[in-house]
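Note sheet for the following structure.
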Amino acid sequence: MFDSIAGRYDSINRFLSARTDIGWRKKAIRLLKKDNPKRILDVATGTADMAILASKMLKPEKVTGIDISEGMLDLGRKKVEKENLEHIIQLQMGDSEAINQPSGSFDAVMVAFGVRNFENLENGLAEMLRVLKPGGRLIVLEFSKPRRRAVKSLYNLYMNIVAPQVARWFRQNKDAYLYLNESASAFPDRHIFTEILNKTGFIDTGFKPLSLGICCIYSGRKPF
C-alpha cells in the first residue's frame with residue numbers, strides 16, 4: 001500500500017496539513033536537542049523527512065532510517081542525496097518489530113506517524129527500547145483524537161471525507177488514506193499510550209498535544 005502512494009506521498013501530506021506537519025516534526029526533534037544524540041534511529045522513516053530534519057537540526061554523526069516500504073525508501077534516498085547528507089543518513093529496509101541492530105546502539109530513537117501501523121505495538125516499542133542506550137530517549141509523533149467536540153467533528157469530517165477526495169484528485173490510492181484515518185482512530189492515544197510505554201519499560205514518559213489535539217508528541221527514556 002505504501003509503495004503504491006510513495007510517489008506523491010510528500011506532496012499530498014504537505015497539502016492536507018497546510019505544511020503544519022513540518023512544524024510538528026521540528027517540535028518533536030527539538031525535544032532531543034538537550035541530549036545531543038550522536039547516533040539516531042528513525043523508525044518507519046518513510047521518505048526520510050524526520051531523518052533529514054534531525055540531521056540539520058541536531059548535527060548527529062549518523063542517522064539510520066528503517067522502513068518496510070522500498071518504494072518510500074527509494075524516494076527518501078533521492079531526497080537525502082539532493083541534500084548532500086549521504087555521509088550522515090543511511091536508509092535501509094527494516095521491520096520495526098525486529099530491528100536489525102545491536103542492543104544499545106542508539107542515543108535516540110524517533111518515530112513520526114508510524115507506530116499506529118505496527119502489527120504488534122508492544123513488540124515494536126520493546127525493540128526500540130532494546131536498541132536504545134541506557135538513558136537514551138524515544139520521541140514519538142502521532143495523530144491523536146481531539147477532545148473538544150467542535151474540533152473533533154471538523155477533524156472527523158476532514159479525515160473521512162476531505163482527505164480521501166484530495167487523494168483522488170492527486171490520483172492517489174483513496175483506500176490508503178481511508179486506512180490512515182482508520183489506523184489513527186484506532187490508536188491508543190494520550191494517557192493510554194503513555195501507560196503502554198511504561199508497561200514496556202520506558203521511564204520519564206509523557207505527552208504534549210499539538211494543534212488543538214490533532215497530534216501529540218510522546219516521549220520516554222530507557223532506564224540507566
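Considering only region 157-172, I want to know if a residue exists there that is within 25 Å of residue 108 (Cα to Cα) and modelled with pLDDT under 85.
no
Looking only at region 207-224, which residues are part of a strand (DSSP E or B) and not hydroxyl-bearing (Ser, Thr, Tyr)?
207, 208, 209, 210, 215, 216, 217, 220, 221
Pairs, please: C-beta under 8 Å, at least 6 apart or cross-chain, first residue in contact (Cβ under 8 Å) with a residue 24 or more places away in the chain and closer than 16 Å to residue 118 by Cα and in region 54-69, second among the hydroxyl-bearing types (Ser, Thr, Tyr) and surrounded by fewer than 21 Cβ atoms within 10 Å (Cβ to Cβ)?
none
Could you tell me whether any residue of region 86-93 is of a type outside the set (D, E, K, R) and buried (at least 22 other Cβ atoms within 10 Å of the Cβ)?
Looking for residues that are of a type outside the set (D, E, K, R) and buried (at least 22 other Cβ atoms within 10 Å of the Cβ), one finds at least one in region 86-93, hence yes.
Given 91, 138, 129, 125, which one is assigned to a strand (DSSP E or B), at pLDDT 95 or above and within 25 Å of residue 205 (Cβ to Cβ)?
138
Are any residues in region 59-74 buried (at least 19 other Cβ atoms within 10 Å of the Cβ) and at pLDDT 95 or above, and if so, which ones?
60, 63, 64, 65, 66, 67, 73
Looking at (1) modelled with pLDDT under 95; (2) surrounded by 18 or more Cβ atoms within 10 Å (Cβ to Cβ); (3) not hydrophobic (A, V, I, L, M, F, W, C), which is the one condition that is false for residue 11?
Residue 11 satisfies every listed condition except (2).
The values are calculated or read from the model by the stated rules, or taken from the named source; none is laboratory data. Because the structure is a prediction, the values reported are computed rather than measured. Every residue, glycine among them, receives a Cβ derived from its backbone with ideal geometry; neighbour counts consider all protein chains shown.
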